[in-house]
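The values are calculated or read from the model by the stated rules, or taken from the named source; none is laboratory data. Nothing here was measured: the structure is a model prediction, and the numbers come from that model. Please note: Cβ atoms are built from the backbone with ideal geometry, for glycine as well, and neighbour counts cover all protein chains shown. What goes into the accessible areas is simple: the full protein's heavy atoms, side chains included, and nothing from ligands, DNA or RNA. Shrake-Rupley method; radii C 1.70, N 1.55, O 1.52, S 1.80 Å.
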Amino acid sequence: MTEQKRLSEEELKNLEEVAKKIRENILIMINTAKSGHTGGSLSPVEVILTLYAKCMTHYKDWHNSPEWGNRDRFILSKGHASATLYATLAQMGYFDEHELLTFRKLGSRLQGHPTFGLLPGIEVSTGSLGQGLSMANGIALGLKLDKKENYVFVLLGDGEIQEGQVWEAAMTSAHYKMDNLIAVIDRNRLQIDGDTEQVKSLDPLDKKWESFGWQVLEIDGHNLQEIYGAIEHAKELGKQKSAPVMIIANTIKGKGVTFTENQASWHGKPMNDEELQKALQEIRG
Amino acid sequence: MVINKAIKKSLRVAYGETLTELGKKDENIVVIDSDLSCSTQTQMFAKEFPDRFFNTGVAEQDAVCLAAGLSTCGKIPFVSTFAIFASGRAWDQVRNSVAHPKFNVNFVATHGGVTVGEDGASHQSVEDISLMRSIPHMIVIVPSDSIETREAIKFAYEYNGPVYVRLSRSNTPDVNGSDYKFELNKSKVLIEGTDVTMISNGETLCEALECAQMLKKVNINAEVISMPVVKPVDKETLIKSAAKTGAVLTLENHSVVGGLGSAVCECLSENHPCITKRIGVNDEFGQSGKAEELLVKYGLTADKFYDEVLTLVEKKNSK
């Protein structure tokens, strides 16, 4: 195994600050919209941020960039975490941060679930669960046909993989040896009706994916260093094994705010003004 | 207009051949099938261009979204499977992953209607046109013969957005001439008439034409319109014909709920109300049998149309 790539202390510190800002914005957006998915938006903050800030080749000018055709792609299969993607894209300079306040409002480019064709950075439309991995496969094949070296990243929810189509797609990725595809599961262990293992058990997750022909890595999904190391390792691992790579990111639903952490009830609920102030205080420290 | 019913051609072969021809001209064309390439005839393309053919196995939902992803890379995907699976099994994927973002994905679904035959109700799609027509951005085309199939496939290739082309399993006689041109917004008046309008597409069109010949013998001049495009519906031709004849029948190998009949009646009731009759599968499931037997059983033959036309004309005259 090649030596794991690492972020410097300074990079880590900067990313931690940006992650805080993203968490704040997510909560403000959902509070302003008076609707949205608090828990599942807070759990993948570090994963999405690390991808955009450190691992992906991408262009904030979107298709105005001459290099646009040579970008890596990110697909948010768990489309209900749209607030996290929007807040991250805003931090990356895709659009003005002020627009985040239009989230879920009539006429907004920031639809409840990511919608293609409105906002720079949104590659496909997602929201109906279970479809993102298949689309990512299609992009991975398209990139190969065009002999492009780019990667496709896709983030799935853990509850989401109860959708049968995910496993249709899992077989397709392995069959077509998609070494340019890296998937991450936001393993926060909670879904709307409660603990995933009580609703319909998913474990042993690693063995499931391995048996479908995937290379599997498992990390702490809030540890920026681990996330970065795993994604950079996955880029090489896929090529070595001629296989797609799954990163199981163990996360905490509602991460960053004590009263939302590990609470299924915060899946699709906004904070009221009082709760928001309390949460922002905790995040800002 | 006399149709030679003895010479029938395969719409699916016409599709496979056209797809392969287009594939030679444009390397962006990719084909996705779900383990039915021998039936849908995408095997022709697969043999010629194995690198641009993707088999998802028995996984239609995966196939639709795979195509959506490919389209974002500038590819022009054709997705093929049976109509029941393309429209039913994968409806949510068609709606959310393809139609909503208006991706350039073409669905060419074969084995539409009861003429699937012996496989029975599970495989006989009498709802697909209804399902596809209800999705915004979707174009819905039901070709009647091999000539129209070729042209519809070429249109789908050129059109930038989702298109659903529904083909029958049965072979059909050519009703269109070799000079046929497909026009999205224009239906073809194949026989001009003054007493009643018969509108059809797919396999039932040749039956409608035969019925018109039978009606001539009892001095009823039926106008026969070929309407391959169910969505967007050709209002102009419809209203013009309805204004002339005052009585309109629709004939289709599909449920009377939501298909060509519904599209025509929606248009006429808002723009030119007149006496109408929808003939098709009468809100029921199909069953096993030979294709020809099923057409008779579900009232989709020239003889049955004839009786329906006489009843409708009588109704019109007694008004």
*Considering every residue in A:166-174, what mean count of other chain Cβ atoms within 10 Å of its Cβ is obtained?*
4
*How much of the DSSP beta bridge set in region B:8-173 is antiparallel, as a percent to the nearest 5?*
10
*Take every residue in peptide A:139-149, count the Cβ atoms of other chains within 10 Å of its Cβ, and give the average of those counts.*
5
*Kirkwood Rh over Cα pairs of region B:196-319 into Stokes-Einstein at 25 °C, 0.890 mPa s: D in µm²/s?*
170
*asked:* If packing is taken as the average number of other Cβ atoms within 10 Å across a peptide's residues, how do A:201-208, B:230-237, A:134-141, A:222-229 rank, most packed first?
replied: A:134-141, A:222-229, B:230-237, A:201-208
_Test item: Cα-centred dipole of the protein assembly as shown, Lys/Arg +1 and Asp/Glu -1 on Cβ, debye_ = 1000
*Quantify how strongly other chains surround peptide B:86-97 by giving the mean number of their Cβ atoms within 10 Å of each of its Cβ atoms.*
3
_Below 13 angstrom from the Cβ of A:W62, what's the summed charge of the other residues (Lys, Arg +1; Asp, Glu -1)?_
+1
*Given the rule -39500 (n - 2.57) for each run of at least 4 DSSP H residues, summed and divided by the residues of chain B, what is its mean residue ellipticity at 222 nm, to the nearest 500 deg cm²/dmol?*
-10500 deg cm²/dmol
*In region A:12-76, what trypsin sites (Lys or Arg not before Pro) fall in a loop by DSSP, with at most 11 other Cβ atoms inside 10 Å?*
A:K34
*Accessible surface of B:H123 in the full protein assembly, 1.4 angstrom probe, to the nearest 10 Å²?*
50
*Whose amide H sits under 5 Å from the amide H of A:E218, counting only residues 5 or more places off or on another chain, with H placed in the peptide plane?*
A:I248
*asked:* Per residue of region B:230-244, what does 6.51 cos²θ - 1.76 cosθ + 1.60 with θ = phi - 60° give for ³J(HN,Hα)? Whole Hz please, x for Gly and Pro, Karplus curve as stated.
replied: 7, 9, x, 6, 7, 4, 4, 4, 4, 5, 4, 6, 4, 5, 7
*For region A:64-210, what does the alpha-carbon gyration tensor say about shape, rounded, prolate or oblate, given a ≥ b ≥ c as the root eigenvalues, a/c under 1.5 as rounded, and a/b over b/c as prolate?*
oblate
*In order through region B:102-114: 3J(HN,Hα) via Karplus (6.51 cos²θ - 1.76 cosθ + 1.60), integer Hz, x for Gly, Pro*: 6, 6, 7, 10, 9, 9, 10, 9, 9, 6, x, x, 6
*Residue farthest toward the positive end of the dipole of region B:8-173, with Cβ of Lys/Arg at +1 and Asp/Glu at -1: which of B:V105, B:S144, B:W91?*
B:S144
_Hz values of 3J(HN,Hα) by residue in region B:183-189 - Karplus curve (6.51, -1.76, 1.60), Gly and Pro given as x_ = 10, 4, 9, 9, 7, 10, 8
*How much accessible area per residue does region A:110-262 have, in Å², with a 1.4 Å probe?*
34
*At each listed q (0.06, 0.10, 0.11 Å⁻¹), what is the log10 of I(q)/I(0) that the Debye formula gives for the protein assembly as shown modelled as equal alpha-carbon point scatterers?*
-0.37, -0.87, -0.98
_Take the residue pairs A:K148/A:K208; A:K20/A:K255; B:K75/B:K102 and return only those whose Cα atoms are more than 20 Å apart._
A:K148/A:K208
*Nearest 5 is fine: what % of DSSP beta bridges in chain A come out antiparallel, could you say?*
10
*Is the shape of region B:38-121 best called rounded, prolate or oblate, per the rule: a/c under 1.5 gives rounded, else a/b larger than b/c gives prolate, else oblate, with a ≥ b ≥ c the square roots of the Cα gyration tensor eigenvalues?*
oblate
*Shape call for region B:8-173 from the C-alpha gyration tensor, a ≥ b ≥ c root eigenvalues: rounded (a/c under 1.5), prolate (a/b greater than b/c) or oblate?*
rounded
_If you roll a 1.4 angstrom probe over the protein chains with everything in place, what fraction of the accessible area of region B:1-122 belongs to carbon and sulfur, to the nearest %?_
47
*Largest first, what is the accessible-area ranking of B:L19, B:L131 with a 1.4 Å probe?*
B:L131, B:L19
